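Participant: Here it is, the structure in full.
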Amino acid sequence: MVQSNLSYTFSRPQTRGKFLHLDEEKFFVRGVAYGSFRPNREGHEFPETADVRRDFALMREAGINAILTYTVPPVSLLDQAMHHRLRVIATIPWMEYVCFLEEARARRDVRRQVRDGVASCRRHPAVLLYCVGKEIPPDIVRWYGRRKMEAFLQDLCRVAKDEDPEGLVTYTNFPTTEYLELPFVDVYTFNVYLHRRPDFCAYLSRLQHLAGEIPLVLTEFGMCSLRHGRDEQAAFLDWQIEETFDHGLAGAVIFGWTDPFYQDNRLVEDWGFGLVDANRQPKPSYEIARRRFTTSAPFPPERRWPKISVVVATYNAARTLGDCLESLRQLRYPDYEVIVVNDGSTDGSEPIIARYPFRAITTPNRGVSAARNEGLRAATGEIVAYIDSDARADPDWLSYLAATFLESDVVGVGGPNRVPGEDTWIAKCVYRSPGGPTEVMLDDQSAEHIPGCNMAFRKWALEEIGGFDPIFTKAADDVDICWRLLDRGYRIGFGPSAVVWHHRRPSVGAYWRQQVGYGRSEVLLERKHPNKFNAWGHTFWAGRIYAPYPIFRLFGRPLIYHGLWGSAGFQSMYDPGGHSFLTFLPRTMEWHLVLIAFMALGLVMPWAFLLAGAGLGYSALYCIACATRAKLDDSIEANGLLTWRQRVCWRAMIAWLHFLEPLARDWGRLEGGLAPWRSAMSGVGATPRASRWWQRLQPFRRRVRWTYPGGMGLEKYRFLERLTRELGVRGCAVGWNVEHQDWDLKVRRGALGVAHLRMVVEHHGGPRRLARLAAVIKPSPSIYWAQGILAGAALATRALGLNAGVVVLGAFFACLWVAPITEASRLEAVLESAADAVTRELGQEASADAQRDRQGSR
């Protein structure tokens, strides 16, 4: 370890969630790039010792607490930084601008340079981060491909960790190689130069999603005062520093300290990025940095913060409730209240609630939605924030939620929920498995869904839609509330640093029960929002699900936008293959039903067991691949505290949970009736009058027609809008034609059949109208495929003389013949009854309008 001549020491930095910490306090980087300079008398590219002392004193006066160097700092400079309470981000330079992977010797030289650079200042208390590389040119990355580059950078991070296991390591990226995936770094650092405020804000939101769970630090941003003027540079830095912290970054480093910059053995004197000029005279931008860094980081004191009501709905959560309420008492927010709704707990939660100075409401046990509505009615804040009783809030949780509300035109804001460090290893495996609460993003700034354990809404918006729906007593209330707000045309935002720490299920049995409960809740959700589910009962998400487990890719690979000849300034990666049918096949109900059918068939036809075994093998491949790619617990994996046996246990548990989750969800769905063969709830008992008897005996295309006489109120677009609503009430999913379809509505309920409906209205003079509706009802294509496969298998089995197999296959075929017939009759009945209801409704409205007109004429 490098010895310092100073008597006091700094604590070494750590990462927790989206922030850096020194001991128990957050450390927000308020930095400036220092260098590069002409070599001094000792040969280092830094000023002389006396000049460094003056620079550091001027920095501390401006509230700067970190510097970024472009060469490895000598111990003497680290000592001076420590004396002035400055942390150092030490960049280790090497030959990034050449094809360094061509020869083994070049690769060894790079590793040696990184090793020597870390060793020269190893464990010095002033070091904040080691940067093992910076801005590798896009042509070099493109030449080798991103996978080779990512593997080499990961190797460099391992080299640095070998020299200093407790040190934090990063690689500094920039927009032209944004697509590099770097989950192995401790801190995500990025250089961005964008001069338009909307562009800058949008890109910070994008970077937060790219950074994921780890802290994000902006290590270069600035403006040249020689080209734009000193006052414009100052105004530019003013809002960029504000937006950086408002977007939840762990810090920012201004480029740079002085105007001149030493590069490629020459002094660049036509740059004016510095906070001070060549003579160390402060510029207006220095005063801006001092005001922002000394009083406004992370948030300006003069800001008007909205009052927030925090609602905790709890039921039998005594084990975690105290931790939750204690975290709420320690929130750093100027104007908030806490309302605890005890939803009929019987486990001793009430004495815990009484220990805290919060408003308490006790109700009979009615479920989470009813409890959240009680909190909503009692709230006095402009914003109502919800946190689960098995979660604890980051001290700045409300500040980042409020900042997103103030920044954007949104009615709701959510944030991430992380697993606490004290949770058991099984709970941490559950966190890295599917089925947990997570956000669904429409883009980098707008969400389709925010998890119920960490969500906030404007109070008037919740009141406008009637609050939470009480039918959701266990789960899915958050999905329902988000969809209802989006249907009203409102936006929901996301604050990536509004973190809560959410306990996961501590055992496999608890995880199973949770997922079964989620499956039951999806049944209620599908009945209320049938258009959000496909024929097999799976949710249609318009956005992308963000989760701590990796995407399984069987075929295809991500696509990278490079631009013509690799010239794009912003090169992004898109992942179309991650959403293919084969990718998610092992998680689908239809896959499990096919495997069960093959196993049943194997009882009389042993060869079917081979197909079932192949399917189970594919499921196992999916689970093992996801478990292998999962990133284990950061705090212990980074320090090498997991033995190989522990790693095997962790990954085996993650694979097992990946296997169990879809089975548990399907079990819950089936219990609640969300099966592929589900049918419309209304009109099932009616006898359709339009179809012919012979149509009712075949499972193929069925054509039906209805006519409805009426008056002027019987108008096509009005009728179809009302019919869409009526069919939705009856549990049908309804789609409208987009451009090329020759039908007006597509109606389905389950995977067994779909109806395409057309309408025309005849004008018979005066107010008289006649509406004609025609529907074509047919099974889904999967029914035809299944019938053909069963028929072919039956013929082959008969040829082999396996009569028992023919009987089993014949039974399956008969079921697939009768089921579409039954579904077609139900669809026909529900279409007819819904159309009758709409006709009556429009007729009554027309009669009422005519009555009002007659009264008005008198």
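Participant: Contour minus end-to-end for R798 and A354, with contour as 0.36 nm per residue of separation and end-to-end as the Cα-Cα distance? Present the calculation step by step, with values, prior to reporting the outcome.
Facilitator: Numbers: separation 444, 0.36 × 444 = 159.84 nm, distance 7.46 nm.
Taking R798 through A354 to full extension adds about 152.4 nm, to one decimal.
Participant: Just the Cα atoms of the stretch 370-521, one point each, no solvent: what log10 I(q)/I(0) does Debye give at q = 0.08, 0.16, 0.20 Å⁻¹?
Facilitator: -0.22, -0.89, -1.34
Participant: Which value, in Å² and to the nearest 10, is the accessible area of S567 when all protein chains are kept and the probe is 1.4 Å?
Facilitator: About 90 Å², rounded to the nearest 10.
Participant: Okay, which of the stretch 776-797 sit inside 16 Å, backbone N to the point 7 Å along the Cα-Cβ direction of D742?
Facilitator: Output list for this probe position: 776-778.
Participant: Rounded to the nearest 10 Å², what accessible area does D51 show when all protein chains are kept and the probe is 1.4 Å?
Facilitator: Accessible area of D51: about 50 Å².
Participant: Based solely on C-alpha atoms, express the radius of gyration and the Dmax of the stretch 50-182 in angstrom.
Facilitator: Values for the stretch 50-182 (Cα only, Rg and Dmax): 15.9, 48 Å.
Participant: Hey, any idea what % of the stretch 1-90's accessible area is carbon plus sulfur with a 1.4 Å probe?
Facilitator: Values: 1800 of 3890 Å².
It is 46 percent, rounded to a whole number.
Participant: Solvent-accessible area per residue for the chain at a 1.4 Å probe radius, Å²?
Facilitator: Values: 37310 Å² over 858 residues.
Per-residue accessible area for the chain comes out at 43 Å².
Participant: Please compute, over every Cα-Cα pair in the stretch 297-392, the percentage with a separation greater than 21 angstrom. Write down the numbers at each step before the final one.
Facilitator: Numbers: 1349 of 4560 pairs.
In whole percent, the long-distance tail amounts to 30.
Participant: Positive end of the charge dipole of the chain (Lys, Arg +1 and Asp, Glu -1 on Cβ, about the Cα centre): tell me which of Q787, V838, F598 has its Cα farthest that way.
Facilitator: The residue sitting most towards the positive pole is Q787.
Participant: Return the FRET efficiency for the residue pair I471, V761: r is the Cβ-Cβ distance, R0 is 41 Å, and the value is rounded to the nearest 0.05.
Facilitator: The value I calculate is 0.65.
Participant: At q = 0.19 Å⁻¹, what is the log10 ratio I(q)/I(0) for the stretch 26-98, with the Debye formula run over Cα points and no solvent?
Facilitator: Rounded to two decimals, the profile gives -0.75.
Participant: Moving on to the next point. In nm, what is the difference between 0.36 nm times the number of residues separating A600 and D116 and their Cα-Cα distance? Display every interim value, and only then the final one.
Facilitator: Working: separation 484, 0.36 × 484 = 174.24 nm, distance 6.42 nm.
Length gained between A600 and D116: 167.8 nm.
Participant: Roughly what % of Cα-Cα distances in the stretch 204-256 sit above 19 Å, to the whole percent?
Facilitator: Details: 430 of 1378 pairs.
I get 31 percent for the Cα pairs in the stretch 204-256 exceeding 19 Å.
Participant: Across the chain, how large is the tail of the calculated P(r) beyond 41 Å, expressed as a percent of all Cα pairs?
Facilitator: 47
Participant: Translational diffusion coefficient of the stretch 449-538 at 20 °C, 1.002 mPa s, Stokes-Einstein with Kirkwood Rh over Cα pairs, in µm²/s as a whole number. Spell out each step's value before the answer.
Facilitator: Details: Rh = 14.8 Å.
Using the Kirkwood radius from Cα pairs, D works out to 145 µm²/s.
Participant: When all protein chains stay in place, what accessible area (Å², nearest 10, 1.4 Å probe) is found for V411?
Facilitator: It works out to around 10 Å².
Participant: Where the eigenvalues come from the Cα gyration tensor of the stretch 123-207, what are the semi-axes √(5λ) of the equivalent ellipsoid, largest first, in whole Å? If you can, show how the numbers build up before the last one.
Facilitator: On the way: eigenvalues 118, 66, 18 Å².
With the √(5λ) rule applied to the stretch 123-207, the semi-axes are 24, 18, 9 Å.
Participant: Rounded to the nearest 5, what % of the DSSP beta bridges within the chain are antiparallel ones? The partial results should precede the final answer.
Facilitator: Working: 57 of 107 bridges.
In the chain, DSSP labels about 55 percent of beta bridges as antiparallel.
Participant: Would you rank S76, S285 by solvent-accessible area, highest first, keeping every protein chain in place and using a 1.4 Å probe?
Facilitator: Details: S76 60, S285 0 Å².
Ranked list, largest accessible area first: S76, S285.
Participant: Using R₀ = 30 Å, calculate the FRET efficiency as 1/(1 + (r/R₀)^6) where r is the Cβ-Cβ separation of E232 and L406; round to 0.05.
Facilitator: Working: r = 25 Å, r/R0 = 0.83.
Given R0 = 30 Å and the Cβ-Cβ separation, E is 0.75.
Participant: Working out 0.36 nm times the residue gap between Y193 and M573, then minus their Cα-Cα distance, what length gain in nm do you get to one decimal? All intermediate terms of the calculation are to be shown ahead of the outcome.
Facilitator: Details: separation 380, 0.36 × 380 = 136.80 nm, distance 2.01 nm.
Here the answer is 134.8 nm.
Participant: Sorted by accessible area (1.4 Å probe), largest first, how do R355, R544 line up? Mind showing how you got there, number by number?
Facilitator: Numbers: R355 150, R544 115 Å².
Sorted descending by solvent-accessible area, the residues read R355, R544.
Participant: For the stretch 6-68, taking Cα atoms only, what is the radius of gyration to one decimal and the Dmax to the nearest whole Å?
Facilitator: Gyration radius and largest Cα-Cα distance of the stretch 6-68: 14.6, 43 Å.
Participant: Based on Cα coordinates alone, diagonalise the gyration tensor for the stretch 738-853, multiply each eigenvalue by 5, take square roots, and list the semi-axes in whole Å, largest first.
Facilitator: 46, 14, 9
Participant: Report D for the stretch 256-323 in µm² per second (integer): Stokes-Einstein, Kirkwood Rh on Cα pairs, 10 °C, 1.306 mPa s.
Facilitator: 95
Participant: Taking N as the number of residues in the stretch 210-317, what is its Cα Rg relative to 2.2 N^0.38 Å? Mind showing how you got there, number by number?
Facilitator: Numbers: Rg = 18.7 Å, N = 108, 2.2 N^0.38 = 13.0 Å.
Relative to the 2.2 N^0.38 Å estimate, the stretch 210-317 comes out at 1.44.
Participant: Would you mind working out the magnitude of the charge dipole of the stretch 256-401 relative to its Cα centre, with +1 at each Lys and Arg C-beta and -1 at each Asp and Glu C-beta, to the nearest 20 Debye?
Facilitator: It comes to approximately 360 debye.
Participant: Now for a separate question. Compute, for the chain, the length of the dipole vector about the Cα centre, with Cβ point charges of +1 (Lys, Arg) and -1 (Asp, Glu) only. Units Debye, rounded to 20.
Facilitator: 2940
Participant: Across 5 Å bins from the origin, how do the percents of Cα pairs in the stretch 161-279 run, short distances first?
Facilitator: Cα pair-distance distribution for the stretch 161-279, in percent: 2, 10, 19, 20, 17, 14, 11, 5, 1, 0.
Participant: Hey, can you rank 286-298, 60-72 by average C-beta count inside 10 Å, highest first? Don't skip to the answer; put the middle values down first.
Facilitator: Details: 286-298: 19.1, 60-72: 21.5.
Packing proxy ranking, top to bottom: 60-72, 286-298.
Participant: Which order do you get for W706, W736 if you rank them by accessible area with a 1.4 Å probe, largest at the top? Mind dumping the intermediate values first?
Facilitator: On the way: W706 10, W736 140 Å².
These residues rank, largest area first, as W736, W706.
The values are calculated or read from the model by the stated rules, or taken from the named source; none is laboratory data. Please read these numbers as outputs of a predicted model, since none were measured by experiment. When we count neighbours, we look across all protein chains shown, and the Cβ atoms used for this are built from the backbone with ideal geometry, even at glycine. Accessible surface areas use protein heavy atoms only, side chains included; no ligands, DNA or RNA. Shrake-Rupley method; radii C 1.70, N 1.55, O 1.52, S 1.80 Å.
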